[in-house]
Amino acid sequence: MNENTEFRSGFITVIGRPNVGKSTLINQLVGEKISAVSDKPNTTRNRILGIRTLSNAQLIFLDTPGIHKPKGTLSKAMVNTALGAVQEADVIIMMIEVKEPFGRGDSYIIESLSKQAILVINKIDTIKKNEILPILEGSKEFEGKFKEIIPISAVNADGTQELLDTIIKYLPQGPKYFPDDMITDQPERFIVAEFIREKIFTLTQQEIPYQTAVVIEEFTEMPEKHLIKISAVIYVERTNHKGILIGKKGAMLKEIGSLARADIEKILGTKVFLELWVKVKDKWTDRENLIREFGYGD
């Protein structure tokens with residue numbers, strides 16, 4: 001076989017319940033931060049594509065929203081996005097969390113799979129090694145659903161090389177779909193908005209993170225100043241949420257901007273002037289037109 005016929009490529013959809021570590025894993029496998037990460041569920045709202053190109057393969061990862069029982073219009077759009085990404089996959093990675101394996105949500109996802117998957121047991125850094133054995137035993141309940149079972153710690157990159165090698169084994173032979181230096185198909189505006197929203201998840205509590213959307217209104221490159229000027233609007237559903245996000249004398253909004261700017265400058269490779277505003281859009285998470293306008297769903 002010549003080099004071209006031995007090259008493998010394809011789409012790998014990562015699915016699972018909210019907050020099992022899907023975005024953290026994809027950031028590790030891609031080698032760059034492209035997806036927002038937080039310790040709160042439902043951080044990811046879109047299908048986010050990440051690309052890893054190696055000498056023998058090109059892996060195209062699809063990060064997806066956590067599959068959960070939807071309670072509103074935005075939730076339904078997120079779940080539909082995740083289920084739709086499964087249909088695009090050459091390889092499916094089903095992620096579970098080591099401390100809460102095979103719950104009702106996991107079982108529902110696994111039973112509904114139309115093709116075999118690789119089962120990834122995440123967060124093994126939080127338990128003792130011998131505690132993984134009962135989970136491996138429990139996976140036998142789903143015999144025929146998994147090609148491989150791989151324990152990992154996405155945050156520490158423990159087991160991720162084995163996972164990468166395993167994925168390549170199941171990819172079909174195929175061409176490079178993207179240039180070698182490309183790590184995502186998402187526009188810079190999208191990634192910037194996600195990083196801002198991530199900091200809102202990190203710094204605020206309860207329902208506020210879920211009920212925020214970030215829209216980039218200005219993205220102006222100023223090469224003579226080696227600077228990009230970005231203006232973004234954070235939309236919330238309630239006036240009191242606006243007050244919380246702004247904070248006393250603007251302290252919360254300033255911290256959100258400072259933390260987000262550090263990530264944005266790293267991925268854009270230049271200095272950034274970031275300006276944030278907060279506006280109220282009443283009940284936007286249940287208004288289909290605004291959900292689409294803010295970039296969520298189909």
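The values are calculated or read from the model by the stated rules, or taken from the named source; none is laboratory data. What you see is a predicted model; the values in this text were computed from it and never measured. Neighbour counts run over all protein chains shown; Cβ positions are idealised from the backbone, glycine included.
Given (1) crowded, with 17+ Cβ neighbours inside 10 Å; (2) of a type outside the set (S, T, N, Q); (3) closer than 16 Å to Thr220 by Cα, where does Gly269 come up short, assuming only one miss?
Result: Gly269 passes all but (1).
Name, by its number, the condition in (1) at pLDDT 95 or above; (2) surrounded by fewer than 18 Cβ atoms within 10 Å (Cβ to Cβ) that does not hold for Glu207.
(1) is the only condition that Glu207 fails.
Kindly indicate whether Glu217 is part of a strand (DSSP E or B) and modelled with pLDDT of 90 or more.
On the way: part of a strand (DSSP E or B): yes; modelled with pLDDT of 90 or more: yes.
Judged against the criteria, Glu217 is a match.
Show me the helices (runs of 4 or more DSSP H) entirely contained within the stretch 225-294 in which 1 or more residues are acidic (Asp, Glu). Walk me through how you get there before you give the answer.
Values: elements: 239-246, 251-268, 288-293.
Qualifying helices (runs of 4 or more DSSP H): 251-268, 288-293.
Among Ile183, Ile167, which is the only one that is closer than 17 Å to Val91 by Cβ and aliphatic (A, V, I, L, M)? Steps first, please.
Details: Ile183 fails: closer than 17 Å to Val91 by Cβ.
Criteria check complete, one pass: Ile167.
Have a look at Ile256, Ile228 and point out the one that is over 28 Å from Lys22 (Cα atoms), surrounded by 15 or more Cβ atoms within 10 Å (Cβ to Cβ), more than 18 Å from the chain's Cα centre (by Cα) and of a type in the set (A, V, I, L, M, F, W, C). Even if it seems obvious, please write down each step before you answer.
Values: Ile256 fails: over 28 Å from Lys22 (Cα atoms).
Just one listed residue meets the conditions, Ile228.
Evaluate the following for Ala213: is it crowded, with 16+ Cβ neighbours inside 10 Å, in contact (Cβ under 8 Å) with a residue 24 or more places away in the chain and in the same structural domain as Tyr235 (by TED's automatic domain parsing)?
Numbers: crowded, with 16+ Cβ neighbours inside 10 Å: yes; in contact (Cβ under 8 Å) with a residue 24 or more places away in the chain: yes; in the same structural domain as Tyr235 (by TED's automatic domain parsing): yes.
Answer is yes for this residue.
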